[in-house]
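This report refers to the structure that appears directly beneath it.
The values are calculated or read from the model by the stated rules, or taken from the named source; none is laboratory data. Quantities reported herein were computed from a predicted structural model and do not represent experimental measurements. Using ideal geometry, Cβ is built from the backbone for each residue, glycine included, and neighbour counts are taken over all protein chains shown. Accessible surface is based on the protein model in full, side chains and every heavy atom, while ligands, DNA and RNA are left aside. Shrake-Rupley method; radii C 1.70, N 1.55, O 1.52, S 1.80 Å.
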Amino acid sequence: MSNYIKPGGTIGILGGGQLGRFLSLAASRLGYRTFIFCPDEKNPASQISDFHMYCSYEDKKALKKFSQNVDVVTFEFENVPVSSLEYLENYTTVRPKPNILEIAQNRTKEKKFFNQIGSKTTKWLPINSLKGLRVEIEKIGYPSILKTSRSGYDGKGQCVIRSKQDIVTSWNKLFKKETITQSESPLAILEKVVDFDCEISVIVSRDLSGNVFAFEPTENLHKKQILLKSVTPAKIPKKIKKEAINEAKKAAIEIDLIGIMALEMFVVKNKEILINEMAPRPHNSGHWTLDACSPDQFTQQIKCICGLMSNQPIRYSDATMINLLGNDIYKTKKYLNLENTNIYYYGKETSLPKRKMGHVTSIKPKK
Ligand code: AMP
């Protein structure tokens with residue numbers, strides 16, 4: 001197991017989504033091959049990777065075989081079992097480390113981590129039962145958000161509680177399903193709803209020599225809790241921008257990151273930053289970097305996990321990235337002859353409502 005992976009080597013990627021597809025493209029530019037491991041045969045990443053295996057993330061025999069054919073493993077999908085990453089570590093190098101994913105997968109661990117390193121989050125409390133929820137909501141107040149500790153993304157696994165009347169319905173909505181592991185403790189967290197000015201994210205990288213670099217903060221607009229649009233640079237005061245970058249760098253160092261990670265934050269009254277969550281992988285809100293930055297987020301990830309020297313990303317232009325969700329993918333004609341606009345199709349066969357099918361980025365000279 002070596003720290004430096006020579007070009008020509010193979011990068012194993014757990015997950016076969018669009019992030020894996022862009023990682024494969026970046027890897028190929030740097031002379032690496034990629035090996036996609038995921039359960040679903042119809043996926044955007046293996047259409048362009050060198051090798052693939054379609055197996056369950058829990059299939060140890062398959063994982064072992066995969067590990068014997070790669071030089072390093074990373075993940076592009078956040079719900080990969082941590083135990084599978086730990087198993088792979090017996091045979092190959094895994095970057096970022098499995099314990100980082102473990103923190104990111106669990107909202108309680110995530111909030112605790114940020115609070116322990118001195119970063120502010122919204123007021124939150126762990127919740128284990130309906131009875132507990134009734135008590136704790138009086139301390140947090142209304143409106144608040146109940147979020148499952150695990151398996152939440154794109155607004156899934158969360159529910160806004162606006163008044164006492166919403167408590168039981170919200171609880172039942174999240175916890176009547178058999179899919180929730182009852183052994184999880186705490187089952188959920190309750191967060192105060194933040195009255196924010198805007199949501200931003202910062203993508204940060206850290207290489208094997210300990211160099212830490214951050215991309216320009218981007219402003220994110222969500223619709224029904226799904227990212228719709230990212231605008232860079234974010235329209236926030238200079239001081240907040242500096243603070244956001246510092247928060248991201250601090251988290252990367254404290255968690256001992258190798259690779260890249262996105263931090264999502266709320267900007268409150270233009271003077272305070274609250275960390276919402278982290279994703280230790282390339283991020284949708286960093287897609288703009290493909291067109292407006294060098295290196296882009298995927299290249300930076302490949303450099304870091306392969307032990308290459310990384311560098312400060314330079315932003316060449318302002319950028320607006322719009323996600324093409326569901327049937328938006330069939331309405332892209334209007335973008336085709338727009339100047340300075342690039343369309344990306346992820347190669348997904350079926351369009352489902354809210355499914356991320358592609359994105360469009362428009363760039364213009366930096367102001
Ligand atoms: P999350 O899964 O935590 O990233 O939540 C998805 C989206 O829900 C966020 O990007 C916000 O738009 C919204 N949201 C989540 N938590 C809060 C909160 N405590 N206050 C206000 N909005 C929130």
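Computed from the C-alpha gyration tensor, the three semi-axes of the ellipsoid equivalent to the chain are 31, 25, 21 Å, from longest to shortest.
Can you tell me which of Ile302, Ile36, Ile253 moves the most in a GNM of the chain? Springs connect C-alpha atoms under 10 Å apart. Of the options given, Ile253 has the highest mean-square fluctuation. Using a Gaussian network model of the chain in which every pair of alpha carbons under 10 angstrom is joined by a spring, one finds that among Tyr330, Tyr91, Tyr142 the greatest mean-square fluctuation is at Tyr330.
Across segment 198-365, C-alpha contacts under 8 Å between residues 6 or more apart give a mean separation that, scaled by the residue count, equals a relative contact order of 23 percent. Accessible area per residue for the chain is 46 Å², calculated with a 1.4 Å probe on protein heavy atoms, without ligands, DNA or RNA. Computed on protein heavy atoms with a 1.4 Å probe, the accessible areas place Phe175, Phe77, Phe37 in the order Phe77, Phe175, Phe37, largest first.
For the set Lys97/Lys249; Lys6/Lys65; Lys112/Lys223; Lys241/Lys269; Lys65/Lys109; Lys120/Lys239, the pairs lying more than 23 angstrom apart at their alpha carbons are Lys112/Lys223; Lys65/Lys109. For the chain, the carbon plus sulfur part of the accessible surface works out to 50%, probe radius 1.4 Å. Kirkwood hydrodynamic radius computed over segment 236-367 comes to 16.7 Å, based on all pairs of distinct alpha carbons.
Taking 0.36 nm per residue of sequence separation and removing the Cα-Cα distance, the Glu339/Leu30 pair yields an extension gain of 108.4 nm. Net charge dipole, the chain: roughly 800 debye, given to the nearest 20, about the Cα centre with Cβ charges of +1 for Lys and Arg and -1 for Asp and Glu. GNM on the chain, alpha-carbon springs under 10 angstrom: the most fluctuating residue among Leu338, Leu308, Leu19 is Leu338. For segment 10-94, relative contact order (Cα pairs under 8 Å, six or more residues apart, normalised by length) works out to 34 percent.
What number, in percent, do you get for the relative contact order of the chain if the mean sequence gap of Cα pairs under 8 Å and at least 6 apart is divided by its residue count? It comes to 15 percent, rounded to a whole number.
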